[in-house]
Every structure is written in C-alpha cells, then in structure tokens.
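Worksheet: the structure to be examined is printed underneath.
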Amino acid sequence: MKGYAMLRIGESGWIEKERPQCGPNDAICKPLALAICTSDVHTLWEGAIGERHNMILGHEGCAEVVEVGNLVKDFKPGDRVLVPAITPDWNSLEAQGGYPMHSGGMLSGWKFSNFKDGVFSEFFHVNDADGNLAHLPDNINTVDACMLSDMVPTGFHGVELADVQFGDTVLVIGIGPVGLMAVAGASLRGASRIIAVGTRPVCVEAAKGYGASDFISYKEGPIFQQVLDMTDGKGVDKIVIAGGGVETFAEAVKCLKAGGKIGNVNYLGSGDSIEIPRVEWGVGMGHKQIVGGLTPGGRLRMEKLAALVSSGRLDLSPLSTHVFEGWEHIEEALFLMRDKPADLIKPVIKIED
Ligand code: NAD
Ligand code: ZN
C-alpha cells in the first residue's frame with residue numbers, strides 16, 4: 001500500500017509499505033477524509049519528538065472499516081467510523097488510573113505518527129477497536145468528522161484542564177483550530193467572558209462565532225498587560241494555552257487570579273524550560289495551577305463530543321477553510337499547514353464520500 005511518510009526530520013514523501021496486520025482486538029480501516037495537524041508540522045519539520053524514518057504521518061480523519069479481529073464486538077467491515085488521534089491500550093494500568101493517553105508510558109496513547117504508522121495511507125491499523133473507534137453519525141459529513149479526531153477533543157480538554165465554571169472570565173491564548181475549540185468549549189461550559197489572543201482575521205471571525213467577547217493581539221505588547229488593562233487589574237479566572245511558545249506561561253501566570261488554573265494543550269516544539277515568575281506565582285503560595293495534557297481519546301468521549309455536533313450545538317464548518325479532493329493533495333495540504341497563509345484554519349482532504 002501507499003502512504004505519505006516522514007522520511008527523516010525535514011523530509012517527507014510517498015512510500016510503499018506492507019498493509020498492516022489485524023490482531024484479534026484490532027481493526028484495519030481505509031480513510032474517507034483526512035486532516036493535517038500542526039502536530040504533523042512539529043514532528044516533521046521541528047523534529048519535536050525526535051528522528052523517525054519512513055513513518056507514515058497523520059492522526060486525524062474518518063474512515064471505513066475493512067477488517068476486524070475475531071474479538072471485536074461492535075464494529076464490522078463497511079462501518080463508517082470516527083478515528084481518534086489518541087488510541088490508548090484500555091487494559092493498561094495508566095488507563096485504569098484515569099490517564100489513558102499515557103497508556104504504556106508518558107504520551108504513549110498517541111500512537112499514530114508517533115510510535116506507529118499514521119493514517120495518511122491506503123490502510124491503517126487501529127488497536128483496541130471497540131474502545132477506540134466510534135460510529136460516524138449519519139448527519140456529520142466526512143470533513144467535519146475529521147475535526148472530531150483531535151481539534152474538538154483537544155480544545156475541549158484545555159477547557160477541562162482549566163476547569164472552566166459558570167461565569168468564569170477565560171483567556172484563550174492562541175486561536176488556531178485548537179484554541180477555537182477551546183473558545184467553543186469554554187462557552188458551552190458557561191464562561192461569562194472569553195478573551196481570545198490571536199490576530200488572523202479568519203480566526204478572529206470564527207472565535208466571535210464560537211463565543212469570544214474580547215480580542216488581544218500578542219503582537220501589540222505583552223499579553224498579561226493587555227489582559228490586566230481590560231479587567232481593571234483583576235486578571236482572569238482560567239486560561240487555556242493553545243498557541244505560542246514556552247514564554248506564554250509566564251504571561252499567563254501574571255494575569256491569572258489567585259486560585260486560578262491554566263490548562264495547556266499546546267505542543268511545545270522547542271525551548272528548554274518554562275519560566276514561572278516567582279512574585280506573580282504568589283511567591284510560591286498563590287494556588288495558581290498549571291496542568292498540561294494530551295487529549296484523552298476513547299470511544300465514549302468521542303461519541304459524546306460527536307453528539308454535540310449531531311444535535312447542532314457545535315458547528316464545525318468554520319474550521320475547514322481548505323478542502324481538497326484526492327490523495328494527490330496530501331502534500332500540498334501539509335505544506336499549507338506549515339506555511340499557515342492568512343486565510344487558513346484547517347486543511348482537509350476528502351478521499352471518498
Ligand atoms: P495553530 O498554529 O493553527 O494555532 C496556534 C495559534 O497561536 C496561531 O494562530 C498563532 O498565530 C498563535 N500564536 C503564536 N504565538 C503566539 C503567542 N505568543 N501568543 C498567542 N498566540 C500565539 O495550531 P493548532 O492547530 O490550533 O494547535 C495548537 C497547538 O496544539 C499546537 O502546538 C498543536 O501541536 C497542539 N496540539 C496538541 C494536542 C494535545 O493533545 N495536547 C493535540 C493537537 C494539537
Ligand atoms: Zn492533531
């Protein structure tokens with residue numbers, strides 16, 4: 001089979017590989033639509049997870065099941081499915097401890113395009129099919145379905161990590177597709193005010209639609225100063241970080257109220273350490289929490305998030321700004337994600353309807 005792979009750091013292309021084998025609990029799927037992620041960019045061009053040779057890229061898409069193992073109960077060939085970016089081993093101790101995304105070791109629930117071949121190929125392998133796949137609802141199209149692999153689960157996870165409550169003032173740093181879903185999630189959770197940090201007009205427009213009330217440009221001075229100015233010096237209750245680099249944490253701590261929480265879902269592709277400003281961290285006693293997390297994955301969560309889309313509570317159509325048809329566009333879409341033109345939020349490639 002053909003797959004679009006990372007050949008080595010900074011280099012990608014089409015390769016031929018053996019079709020993966022299906023174990024008793026597994027499924028083999030073929031893509032219906034695929035999306036490119038900023039994480040593919042970090043992995044391929046920044047070498048953020050280290051060197052990989054001939055590893056097929058991609059972890060976002062929806063698919064048709066072509067084969068299942070003899071122990072799989074709820075899926076069969078021909079089923080149309082949502083494919084999660086994170087595919088934990090549900091029998092692991094980490095999953096039993098409440099951290100499926102770290103099953104088998106830190107970040108090890110993230111298998112596609114990390115520890116095994118990803119989804120940018122004619123066929124791909126899904127472990128623990130009953131626990132990881134979810135049926136694609138009839139009223140969700142294949143393009144929107146791609147946003148349920150990672151963008152919705154991750155943006156919403158930022159909101160969970162920040163523990164947004166009714167009436168909170170929430171700051172979302174970075175409003176690419178993940179940050180936009182954090183805005184949507186914070187809004188659904190009942191935030192009273194959502195301050196979004198971002199400048200691309202297409203993202204600002206989308207953020208307004210998802211419930212952002214105020215906007216800040218990180219290009220116009222320190223974020224914390226602008227936030228303090230617009231909150232009468234009080235700061236915010238909760239912060240989701242979904243963009244920027246290691247320097248955003250110090251800014252966040254400076255405009256977070258005592259007792260506030262920062263939920264980071266940003267993949268820190270470079271920089272050695274994160275600075276926490278001593279005084280603004282309450283000289284160590286400010287009850288300001290910082291939690292960073294990989295998105296959880298799992299069928300139940302996928303089905304619940306998909307239900308928000310099916311029921312019309314969450315509109316994903318603003319995210320897919322660039323939709324291509326056919327395998328030959330994978331490379332173009334990947335390079336587009338790296339170059340991030342001003343009108344881009346997310347590129348999607350339709351393979352089959
Ligand atoms: P994106 O690049 O499209 O969006 C990030 C935005 O942040 C951009 O619009 C950028 O202009 C903006 N930005 C840059 N510097 C900034 C700064 N100093 N302050 C504020 N904003 C700044 O990326 P995305 O696709 O939305 O993904 C966001 C991050 O989440 C990426 O790092 C991605 O790899 C990561 N991610 C994590 C998980 C997870 O499970 N935790 C899953 C998927 C993606
Ligand atoms: Zn992704």
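The values are calculated or read from the model by the stated rules, or taken from the named source; none is laboratory data. As the structure is a computational prediction, the values presented were derived from the model and not from experiment. Neighbour counts run over all protein chains shown; Cβ positions are idealised from the backbone, glycine included. Accessible surface is based on the protein model in full, side chains and every heavy atom, while ligands, DNA and RNA are left aside. Shrake-Rupley method; radii C 1.70, N 1.55, O 1.52, S 1.80 Å.
Conditions first: (1) modelled with pLDDT of 95 or more; (2) open to solvent by 20 Å² or more (accessible area, probe 1.4 Å). Phe115 passes all but one, so which condition is the exception? Unmet condition: (1).
The listed residues are Gly297, Gly263, Gly269, and the only one of them that is small (Gly, Ala, Ser) and away from ligand 2 (no atom under 16 Å from the Cβ) turns out to be Gly263. Taking the stretch 141-197 as the range and being hydroxyl-bearing (Ser, Thr, Tyr), within 16 Å of ligand 2 (Cβ to nearest atom) and surrounded by fewer than 23 Cβ atoms within 10 Å (Cβ to Cβ) as the test, no residue passes.
Residue under question is Val204, and the condition is that it be hydrophobic (A, V, I, L, M, F, W, C) and surrounded by 24 or more Cβ atoms within 10 Å (Cβ to Cβ); does it hold? When the stated conditions are applied, Val204 does not pass them. For the stretch 246-267, filtering for residues that are assigned to a loop (DSSP other than H, G, I, E, B) and touching a residue at least 40 places away in the same chain (Cβ under 8 Å) leaves 4.
For the stretch 270-301, the set of residues classified as in a helix (DSSP H, G or I) and under 28 Å from Ser108 (Cα atoms) consists of Arg299, Leu300, Arg301, listed by residue number.
The rows are residues; the columns are (1) buried (at least 18 other Cβ atoms within 10 Å of the Cβ); (2) in contact with an Asp or Glu (Cβ under 7 Å, 6 or more places away or on another chain).
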site: Lys261; (1), (2): yes, yes
site: Tyr267; (1), (2): yes, no
site: Glu280; (1), (2): yes, no
site: Lys288; (1), (2): yes, no
site: Ala306; (1), (2): yes, no
site: Arg313; (1), (2): no, no
site: His329; (1), (2): yes, no
site: Glu332; (1), (2): no, no
site: Lys340; (1), (2): no, no
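Ser39 - would you say it is in contact with a Ser or Thr (Cβ under 9 Å, 6 or more places away or on another chain) and farther than 27 Å from Leu319 by Cβ? It is false that Ser39 is in contact with a Ser or Thr (Cβ under 9 Å, 6 or more places away or on another chain) and farther than 27 Å from Leu319 by Cβ. The single residue among Ala33, Ala85 that is assigned by TED's automatic domain parsing to the domain that holds Gly326, part of a loop (DSSP other than H, G, I, E, B) and either within 16 Å of ligand 2 (Cβ to nearest atom) or under 16 Å from Trp110 (Cα atoms) (or both) turns out to be Ala85. Of the candidates Leu44, Leu71, Leu93, the single residue that is surrounded by 15 or more Cβ atoms within 10 Å (Cβ to Cβ) and either at negative phi or away from ligand 1 (no atom under 16 Å from the Cβ) (or both) is Leu44. Restricting the stretch 27-40 to residues that are surrounded by 20 or more Cβ atoms within 10 Å (Cβ to Cβ) and either charged (D, E, K, R) or within 16 Å of ligand 1 (Cβ to nearest atom) (or both), which is nearest to Lys340 (Cα to Cα)? Ranking the candidates gives Thr38 first.
Being open to solvent by 20 Å² or more (accessible area, probe 1.4 Å), within 20 Å of the chain's Cα centre (by Cα), farther than 25 Å from Trp45 by Cα and among the aliphatic types (A, V, I, L, M) is a condition met by no residue of the stretch 221-229.
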